[in-house]
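**Q** Quick one: this structure, given as structure tokens, is what I'll be asking you about.
The values are calculated or read from the model by the stated rules, or taken from the named source; none is laboratory data. No experiment lies behind these values; they were computed from the predicted model shown. FYI the Cβ positions are ideal-geometry reconstructions off the backbone, even for glycines, and counts take in every protein chain you see. These area figures cover heavy atoms from the full protein model, side chains too; ligands, DNA and RNA do not enter into them. Shrake-Rupley method; radii C 1.70, N 1.55, O 1.52, S 1.80 Å.
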Amino acid sequence: MPTEETQRVAQRYFDAWTSRRTAESAGLLADDFSFAAGDMKVEGKDAFLDAGAFPQDATTTMVSEAYQDDVAFQMYDATRGELTVRIVERLIVRDGLIVTSTFVTDMAAFMAFLAA
């Protein structure tokens, strides 16, 4: 996969997911998409989308990003009210779709962020 395609897909997904455009997000995920965050593992695009959406009142700021071949790294701050969490995601893109997301953050802070 060319780096430019990986960057295009990953950036479109970030924008769609954090703007709560679920149909657009779904169109960028492979059917066998897998998500891992700490002890949480979700297998399948539908299961991931059923698990929830990005909070309506949250805002995001991209801090850093890097793309190489089929790998995308995105580091961003997500803010909701008084809470901000830093998130790093490693995405793998194949055939124009995201096949895996590895999500790294302080999971306790992220759960508080979701509950805010």
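**Q** Could you figure out which of (1) without any contact (Cβ under 8 Å) to a residue 40 or more places away in the chain; (2) assigned to a strand (DSSP E or B); (3) closer than 15 Å to ALA16 by Cβ isn't true of LEU91?
**A** Among (1) without any contact (Cβ under 8 Å) to a residue 40 or more places away in the chain; (2) assigned to a strand (DSSP E or B); (3) closer than 15 Å to ALA16 by Cβ, the lone unmet condition for LEU91 is (1).
**Q** Of everything in segment 54-66, what is part of a loop (DSSP other than H, G, I, E, B) and open to solvent by 40 Å² or more (accessible area, probe 1.4 Å)? Give them in sequence order. Talk me through it step by step, then tell me what you get.
**A** First, pick out the residues of segment 54-66 that are part of a loop (DSSP other than H, G, I, E, B): 54-58.
GLN56, ASP57 - these are the residues of segment 54-66 that are part of a loop (DSSP other than H, G, I, E, B) and open to solvent by 40 Å² or more (accessible area, probe 1.4 Å).
**Q** Report yes if ASP69 is modelled with pLDDT of 95 or more, open to solvent by 40 Å² or more (accessible area, probe 1.4 Å) and more than 18 Å from SER34 (Cβ to Cβ), otherwise no.
**A** Numbers: modelled with pLDDT of 95 or more: yes; open to solvent by 40 Å² or more (accessible area, probe 1.4 Å): yes; more than 18 Å from SER34 (Cβ to Cβ): yes.
For ASP69, the condition - modelled with pLDDT of 95 or more, open to solvent by 40 Å² or more (accessible area, probe 1.4 Å) and more than 18 Å from SER34 (Cβ to Cβ) - is met.
**Q** Answer yes if at least one residue in segment 13-21 is modelled with pLDDT of 95 or more, over 25 Å from ARG80 (Cα atoms), open to solvent by 20 Å² or more (accessible area, probe 1.4 Å) and out of contact with any strand residue (DSSP E or B) (no Cβ under 6 Å at 6 or more places or on another chain), and no otherwise.
**A** No, there is no match, as no residue in segment 13-21 is modelled with pLDDT of 95 or more, over 25 Å from ARG80 (Cα atoms), open to solvent by 20 Å² or more (accessible area, probe 1.4 Å) and out of contact with any strand residue (DSSP E or B) (no Cβ under 6 Å at 6 or more places or on another chain).
**Q** Additional query: Can you find, within segment 23-53, the residue that is surrounded by the most Cβ atoms within 10 Å (Cβ to Cβ) among those that are in contact with a helix residue (DSSP H, G or I) (Cβ under 8 Å, 6 or more places away or on another chain), farther than 21 Å from PHE110 by Cα and not hydrophobic (A, V, I, L, M, F, W, C)?
**A** Here the answer is LYS45.
**Q** Which condition number does ARG80 fail, the rest of (1) within 19 Å of ALA16 (Cβ to Cβ); (2) in contact (Cβ under 8 Å) with a residue 40 or more places away in the chain; (3) surrounded by 13 or more Cβ atoms within 10 Å (Cβ to Cβ) being met?
**A** (2)
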